[in-house]
1. Somewhere in region 65-80, is a residue in contact (Cβ under 8 Å) with a residue 40 or more places away in the chain, within 14 Å of the ligand (Cβ to nearest atom), in contact with a strand residue (DSSP E or B) (Cβ under 8 Å, 6 or more places away or on another chain) and small (Gly, Ala, Ser)?
2. Name every residue in region 33-63 that is within 12 Å of the ligand (Cβ to nearest atom) and either aromatic (Phe, Trp, Tyr) or not in a loop (DSSP other than H, G, I, E, B) (or both), in order of residue number.
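Just so you know, all these numbers are worked out from the coordinates, no wet-lab data involved. None of these values were measured; they are calculated from a predicted model. Methodologically, a virtual Cβ is constructed for each residue, glycine included, from the backbone with ideal geometry; neighbour enumeration extends over all protein chains shown.
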Amino acid sequence: MTTLTVLPSGKTYDATTGATLLKALLDAGEPIAHKCDGKAECGACHLFVQEGRKSLSKIQRTENEKLDSIVGVGSKSRLACQAVLGEEPVTVELLGFV
Ligand code: FES
């Protein structure tokens, strides 16, 4: 287990190591769009990882290519459906424009 903190609400949840950020957020009842159901195709699950980036799985080619096509992407950007939780606590920021 690890800890997932969600901004801007600041709520904290227990999250399962090995689960995607998308699954952890949905299980927690957080509103995150996921139009392609986690296939790295829609980009709707784009969020910013504010802390704990190193705990997450590395960005793979499909995620990188999708991120390249999204407006507003920054160095903290991840697709929640592609980022898998590790052991360290993670803080993510949900984006209002998804
Ligand atoms: S749910 Fe579509 S890219 Fe993540």
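1. yes
2. Taking region 33-63 as the starting set, the residues that turn out to be within 12 Å of the ligand (Cβ to nearest atom) are 33-47, 62-63.
Listed by number, the residues that qualify are 46, 47, 62, 63.
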